[in-house]
Amino acid sequence: MLHSSQNGIDVLTIEEDLTIKNVDHFRFQASNLFKDSGDILLLDLTAISYLNSSALGIIAEMSMKAKKAEKHFAVIIDNPSIKEIFNIVKFDSFIEFFPSVEDASRFYQ
């Protein structure tokens, strides 16, 4: 998991599937994303092909925390199977999704 920051945009990039083996580390990194962050928070999931229900819960928490802090939060997904999971659980009703970090950055700038 990599955290980068540039021009008020913070990106947490997930480089491996989110499973029971690493979900606690994901929770920790997600929490750290909000420390000294800019107004735009992006979660890049383009490298994953699987995420468990705990990861979905953390992502929902991230969205609520961002809203409370009056920050923009979006998820980056280019995998149709992963995007379908978010659609099934209706996350698309309260989270913005983009196919790339560049697209999200342009949208919020």
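Tabulated data for the structure shown
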{"read-out": "Strands (runs of 3 or more DSSP E) fully within the stretch 1-63 counting 3 or more residues that are surrounded by fewer than 17 Cβ atoms within 10 Å (Cβ to Cβ) and either of a type outside the set (A, V, I, L, M) or touching a residue at least 40 places away in the same chain (Cβ under 8 Å) (or both)", "value": "2-6"}
{"read-out": "Test: LYS90 is touching a Phe, Trp or Tyr at 6+ places or on another chain (Cβ under 7 Å) and either acidic (Asp, Glu) or more than 25 Å from ASN7 (Cα to Cα) (or both)", "value": "no"}
{"read-out": "Extreme residue, surrounded by the most Cβ atoms within 10 Å (Cβ to Cβ), among residues of the stretch 96-108 that are closer than 18 Å to GLY38 by Cβ and free of Cβ contacts under 8 Å to residues at least 60 places away in the same chain", "value": "PHE98"}
{"read-out": "Residue among ILE95, ILE85, ILE40, ILE77 that alone is hydrophobic (A, V, I, L, M, F, W, C) and in contact with a Gly (Cβ under 9 Å, 6 or more places away or on another chain)", "value": "ILE40"}
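Since every read-out is calculated from the coordinates, none of them should be taken as a lab result. Since the model is a prediction, treat every value here as computed from it, not as a measurement. Quick reminder, even Gly has a Cβ in these numbers, built from the backbone with ideal geometry, and neighbours come from all protein chains shown.
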